[in-house]
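Report on the following structure.
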Amino acid sequence: MIESRYGEYGGTYVPEMLVPALQDVAAGYEKYRNDPGFRAELDDYLKQFVGRPTPLTLSRNMSRKYGFKLYLKREDQAFTGAHKINNTIGQALLAKRMGKTRLIAETGAGQHGVATATAARALGMDCTIFMGEVDIERQKMNVFRMRLLGAEVVAVKNGTRTLKDAISEAMRSWVTCLDDTHYLFGTAYGPHPFPAMVKDFQSVIGREARAQILEQEGDLPACVVACVGGGSNAIGIFSGFLKDEAVRLVGVEAGGCGIDSGKHAARFQGGSKGVLHGSYTYVLQDKYGQISDTHSVSAGLDYAAVGPEHSMLRDIGRAEYSYATDDEALHAFRELGMVEGILPALESSHAVAWAIKNAEELKGKTVIVNLSGRGDKDVYTVAKHMGVDI
Amino acid sequence: MMISKGHLRLSEQFDRLRSRGEGALIAYITLGDPTPAESLAIAQTLIDSGSVDVLELGVPFSDPIADGPVIQAAVDRALKAGMNTDLAFDIAGALDKKVPVVYLTYYNIVLQYGIERFTESCRAAGVSGLIVADLPFEESLELRAACKLCDVDYIHVVTPNTGPERMRKILADASGFVYLVSTMGVTGKRKTLSDSLGEFIRRGREAARQAPVAVGFGISGPDHVGEVVGMGADGAIVGSAIVDLIRDGTSAEEILAFVKTLKQATRPISAAVNKT
């Protein structure tokens, strides 16, 4: 059996109607996760369709400028432009084996939506994406990309009309179509078995990165850094190094306008233990348990709760969690572009920002930053912040 | 906060109705909708109507994943009006509870208040039962134990896709009543009820043994109430249809007239009249 808890965190806090559905998903995952045929098919898709392995790039100019050896795990080079596709291909292949013909998913910035729509098309499945009305307005290009891939995009008009509400609406919709539909959850969060399953499908990042750094550097890195929204790219790369106790693992949350402003998504700074969307973990909430509105310049980190395994890794001291503000992330976005010629996603820019901020401490060390996605989707946002009209 | 006398037991209320050959009308409103003070007045009006047998009060949670748009909007209104868990207990305590009052909420609300503090506050405020929409059986051990200690009925929810074995396991310690969800989906009015509802009610009754079963989700008017009671349910739960009236600022008289028609549909004589 796959563990449904990470210490005290995780669990299955969902309406009864979803329990049999999640049990089916868990049973399907249990059945196929070590099945050689399934794994071979997944590996083939990851290689031929996604373009794995992604490179581990030594960032020469940044290293020279900041005095530590910076390696970038290039998930921005995965097909569709982010690590999300690792999980969508995995779950879509699983869903297909379980006899499902349709995928539904939530999306914030649209990356998971695009990756789900892509997987659906590639495997000949139908696809519906739930997206908050506010996010649809902010991410028009990704919405159109999804439609070009044949996905139906449903505008979610309730609550804050962002990712949180898109997840709620996808869950509400799933119970009406359980027979033929798989809910392809996008991050290492939510009710069991999603945190475990998404981690599994993202752990390819960590396996590759560990082998690559050993080959290229002949040694393990001092530090591995990743941004943390729900936490799937972070848990994916961390998983490769969890047993290497000497490797420092750093998750970087969205500090938004600063922790004191209250406008942020740093659950480990201002949050407390609670339940949202099926999982018990650190949540931004008021004293009565009402979920707080969050803010981040990067939609992918703009969520009120963090993956349950991260809460455990923090408790046991295996990983540490910091944050970068909007301004720091925007600076890192431009810096990596100007210095190295790589525009990172604003999400990934938070991890880059942490490394820049801590350059002194990292001096002479080897650091891997997980570049979870590319920045093309963010150029409008960045232009706006620069006061440039494009 | 008023200290209420020993609260009415759900089992006694259902027994009384059974002896009269009636089903229970369970009316739902969201506490704090449109404001805390107005929802207290509406709750008391419903209790005093003589038509409502059990009053179900929603304690708002910002992200109600089991609810449809009507109740989501009610929750938004309530939270904007300053509703919170302390006020929910104040309101429940202040009500003259001539009928049993139950709470419906989500687990994070209970958790942040403190499980024992929540159930003790239920007892103190005279809340007879508790429904937690996102707490499945496997995760509910601690809360069920706390409810038992405080003599608050933990009301189990079962759904059409709850298999027979699982249903028996869940309902082994059924108390108060069992909440049968009529259909796969969320709360909200529906034109017709599911064809397989009769069979589901029969399964629920069998697994619940002596505990009463009440049907909710999609029960929009007297016809549906009559239908589910006719199919053997001990009660019908009407939520969104009442919340709709509150949203529209409908007068107390009109709301009372509506619940009266709902109550009439729980009585065997009206079922007989409807059939002719």
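What the table below lists for this structure:
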| item | result |
| --- | --- |
| Region B:40-82 - residue that is of a type in the set (D, E, K, R) and farther than 15 Å from B:ARG247 by Cα and, of those, surrounded by the most Cβ atoms within 10 Å (Cβ to Cβ) | B:ASP67 |
| Within region B:28-75, considering residues that are outside any helix (DSSP H, G or I) and more than 30 Å from A:LYS164 (Cβ to Cβ), the one farthest from the other protein chains (Cβ to nearest Cβ) | B:GLY50 |
| Among (1) over 15 Å from A:GLN91 (Cβ atoms); (2) crowded, with 19+ Cβ neighbours inside 10 Å - the single one A:LYS157 does not satisfy | (2) |
| Qualifying residue in region A:45-52 (condition: within 19 Å of the chain's Cα centre (by Cα) and without any contact (Cβ under 8 Å) to a residue 60 or more places away in the chain) | yes |
| Test: residue in region A:141-154 that is surrounded by fewer than 21 Cβ atoms within 10 Å (Cβ to Cβ) and modelled with pLDDT under 95 | yes |
| Helices (runs of 4 or more DSSP H) contained in region B:94-150 and holding at least 3 residues in contact (Cβ under 8 Å) with a residue 60 or more places away in the chain | B:115-125 |
| Unmet requirement for A:LYS243, which otherwise passes all of (1) touching a residue at least 60 places away in the same chain (Cβ under 8 Å); (2) surrounded by fewer than 22 Cβ atoms within 10 Å (Cβ to Cβ); (3) charged (D, E, K, R) | (1) |
| Total residues in region B:76-92, condition at the interface with another protein chain (Cβ under 9 Å from one of its Cβ atoms) and among the β-branched types (Val, Ile, Thr) | 1 |
| Qualifying residue in region A:133-143 (condition: closer than 24 Å to A:VAL204 by Cβ, away from chain B (no Cβ under 12 Å) and out of contact with any Ser or Thr (no Cβ under 7 Å at 6 or more places or on another chain)) | yes |
| Residue in region A:214-226 that is hydrophobic (A, V, I, L, M, F, W, C), over 30 Å from B:THR187 (Cβ atoms), in a helix (DSSP H, G or I) and touching a residue at least 60 places away in the same chain (Cβ under 8 Å) present | no |
| Test: A:ILE356 is modelled with pLDDT of 95 or more, part of a loop (DSSP other than H, G, I, E, B) and of a type in the set (A, V, I, L, M, F, W, C) | no |
| All positions within region A:104-140 that are touching a Phe, Trp or Tyr at 6+ places or on another chain (Cβ under 8 Å) and at pLDDT 95 or above | A:ILE104, A:ALA105, A:GLU106, A:THR107, A:THR118, A:ALA122 |
| Qualifying residue in region B:131-147 (condition: surrounded by 21 or more Cβ atoms within 10 Å (Cβ to Cβ), within 14 Å of chain A (Cβ to nearest Cβ) and hydroxyl-bearing (Ser, Thr, Tyr)) | no |
| For A:PHE38: the one exception among (1) surrounded by fewer than 16 Cβ atoms within 10 Å (Cβ to Cβ); (2) farther than 30 Å from A:MET141 by Cβ | (1) |
| Residue match in region A:347-369 (condition: of a type in the set (D, E, K, R), crowded, with 19+ Cβ neighbours inside 10 Å and either within 16 Å of the chain's Cα centre (by Cα) or farther than 22 Å from A:PHE268 by Cα (or both)) | yes |
| Checklist (1) of a type in the set (A, V, I, L, M); (2) over 26 Å from A:VAL297 (Cβ atoms); (3) in contact with a Leu (Cβ under 8 Å, 6 or more places away or on another chain) applied to A:VAL224, failing item | (2) |
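The values are calculated or read from the model by the stated rules, or taken from the named source; none is laboratory data. Keep in mind that this is a model prediction, so the values were computed, not measured. FYI the Cβ positions are ideal-geometry reconstructions off the backbone, even for glycines, and counts take in every protein chain you see.
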